[in-house]
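Bear in mind these aren't lab numbers, they're just calculated from the coordinates by the rules spelled out. No experiment lies behind these values; they were computed from the predicted model shown. So basically every Cβ, Gly included, is an ideal-geometry build from the backbone, and we count neighbours across all protein chains shown.
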Amino acid sequence: MTQAPSSKDIVTELIHHGYQAPGGFSAPQPPVCKASTVFFPNVAAMRDFDWKDKSAYTYGLHGTPTSYVLEERIASLEGAQQCLLVPSGLAAIATVSLSLLKTGDEMLLPDNAYGPNKALAEAELQQFGITHRYFDPLDPADLAAKITPKTKLVWLEAPGSVTLEFPDLIAQVRICRERKLLCALDNTWGAGLAFPPFDLLRDGGSLGVDVCVHALTKYPSGGGDVLMGSITTRDQALHMRLKLTHMRIGFGVGMNDVEAVLRALPSMALRYHAHDRVTRELAAWSATQPGVVQVLHPALADSPGHAMWKALCCTEENPSGAAAGLFSVLIDPRHTQAQVDQFCDSLALFKIGYSWGGPISLVVPYELPSMRSLPSSSVKPGTLVRFSIGLESARDLRADLAQAFKAAFGA
């Protein structure tokens, strides 16, 4: 409805137009509410409104209706009560460590942890007087032995980054509980679908991690075009501690990125299981190829930690479990790095690039010795190549791998 003529200058009228669209609009996707400034109805409201409990809006950095919706959906996905959104998965890791540790504290990390988490520990956190040690991810006794009175936080991953060993996560969390230590899990691989991080025994929550971080960049986004992370918790006091750190650091996310993740979430489970199905097929096939000395994939019976993956991820409702879309191969050390590089370069459908969870399959060769601090008997000698399986046809991906094996290794 057209407004009555105004006495204001048209420039002012365009900024202070009186029209308000009617409420009650409902559609499959939530509206995108973007703001830095948020208007208050009066000064009393400005003084009284509190952003911390999501009962009101005060500034765009603390959230809009759009980000609140995504936070609640990610909390439900992970089985949590609260969620914080941050600009990346690494930002989620950094927020947790910066919030929960202080000078003089120590944290423990699995030796196969996500590389940037280890780099943060070895650089900035070390400069702040926060020490760290690495433990064998496949030996709960080693974790227990590494704990000292200075230990305040234990990082966990299931499975480990790049090498995909699956730990006894239940035993690790029990150790943390017995020692009254906070434990944080990088659950990007599990994505809230493989196992419930806050309810590991599936009995309603008697055993679970304290904090769960998730790179929404991966499966929740699904397009390879969004950077975002989340931090979920069940404990309100712990959530508030993290939330205040989040506020003081000044982390925020763009609402167009939030919109992209919200749009992708309804298809996430379908995509995750599609990635999983083709990945298992290609991992098993790769194990038969000349020059491959080991295939690392939790669902393969001879992969390190397979029994632990089966115990945690396989249920009566889903006996085959869930295992995401990653696998790695170890190329026989008799083949040179140049041959391994040629193998990666010869792939046509697999693109060379970091990350995973998108529609396009990816490949990256890694220099594994430079990424580990402890000796490991679970991973055989050789050059490691990691694959992220996209949504292409399994037949076409297998053909691409076959021609690259032949081109590089004469297989």
Problem set entry | Residues SER355 and THR103, FRET efficiency given R0 of 30 Å [Cβ-Cβ distance, rounded to 0.05] | 0.35
Exercise. So what is the calculated 222 nm ellipticity per residue for the chain, using -39500 (n - 2.57) for each DSSP H run with n of 4 or more, over all residues, to the nearest 500 deg cm²/dmol?
Worked result: -10000 deg cm²/dmol
Problem set entry | Fluctuation leader among SER97, SER76, SER230 - the chain, Gaussian network, Cα springs under 10 angstrom | SER76
Exercise. How big is the gap, in Å, between the Cα center of segment 149-176 and the Cα center of segment 320-356?
Worked result: 26 Å
Exercise. Roughly how tilted is helix 337-346, in degrees to the nearest 10 and between 0 and 90, from the longest Cα axis of the chain?
Worked result: 60 degrees
Seminar exercise, completed: Expected max-MSF residue from GLN172, GLN126, GLN29 in the GNM of the chain (alpha carbon, under 10 Å) is GLN29
Problem set entry | Prolate/oblate/rounded call for segment 65-266, Cα gyration tensor, a/c under 1.5 rounded | prolate
Problem set entry | Phi-based couplings in Hz for segment 274-281 (Karplus 6.51, -1.76, 1.60; Gly and Pro marked x) | 5, 4, 4, 4, 6, 4, 4, 4
Exercise. Can you give the alpha-carbon Rg of segment 306-411 over 2.2 N^0.38 Å, where N counts its residues?
Worked result: 1.20
Exercise. What percent do you get for the relative contact order of segment 352-403 when only Cα pairs under 8 Å and 6+ apart count?
Worked result: 44 percent
Seminar exercise, completed: Phi angles of segment 244-251, converted by Karplus (6.51 cos²θ - 1.76 cosθ + 1.60, θ = phi - 60°) into ³J(HN,Hα) in whole Hz with x for Gly and Pro, give 5, 4, 3, 5, 5, 6, x, 6
Problem set entry | Modelled FRET efficiency - R0 45 Å, ARG47 with GLU316, Cβ distances, 0.05 increments | 0.25
For this session: Using only Cα atoms, find the angle between the long axis of helix 169-178 and the longest principal axis of the chain, and express it within 0 to 90 degrees, rounded to the nearest 10.
Result: 60 degrees
Seminar exercise, completed: Expressed in µm² per second, the diffusion coefficient of segment 206-255 from the Stokes-Einstein equation, with Rh the Kirkwood radius over alpha carbon pairs, at 10 °C and 1.306 mPa s, is 128 µm²/s
For this session: Check cross-link reach from LYS150 to the lysines: straight Cα distance under 17 Å, and skip same-chain residues fewer than eight apart.
Result: LYS102, LYS180
Seminar exercise, completed: Between the Cα axis of helix 89-100 and the main Cα principal axis of the chain, the angle (0 to 90°, nearest 10) is 80 degrees
For this session: Take each of the peptides 333-341, 35-43, 20-28, average the number of other beta-carbon atoms within 10 Å over its residues, and list them starting from the highest.
Result: 333-341, 35-43, 20-28
For this session: Choose one answer from HIS62, HIS16, HIS273: the residue with the largest mean-square fluctuation in a GNM of the chain with alpha-carbon springs under 10 Å.
Result: HIS16
Exercise. So in the chain, what percent of DSSP beta bridges are antiparallel if you round to the nearest 5?
Worked result: 60 percent
Problem set entry | Integer Hz, Karplus 6.51/-1.76/1.60 couplings in order for segment 318-327, x for Gly and Pro | 9, x, 7, x, 10, 8, 6, x, 10, 8
For this session: Please list the non-local residues whose amide H lies under 5 Å from the amide H of CYS183, H modeled 1.01 Å from N, same-chain partners needing a gap of 5 or more.
Result: VAL154, ASP210, VAL211
For this session: Using Cα pairs closer than 8 Å and at least 6 residues apart in sequence, work out the relative contact order for segment 1-148, in percent.
Result: 13 percent
Seminar exercise, completed: The distance between the Cα centres of segment 66-92 and segment 224-239, in whole Å, is 4 Å
Problem set entry | Within the chain, longest stretch free of exposed GluC sites (Glu not before Pro) [DSSP loop, at most 14 other beta carbons within 10 Å] | 1-315
For this session: Could you give log10 I(q)/I(0) at q = 0.06, 0.08, 0.11 Å⁻¹ for the chain, computed by the Debye formula over C-alpha point scatterers of equal weight, without solvent?
Result: -0.28, -0.48, -0.85
Seminar exercise, completed: Restricting to Cα pairs under 8 Å and 6 or more apart, the percent relative contact order of the chain works out to 15 percent
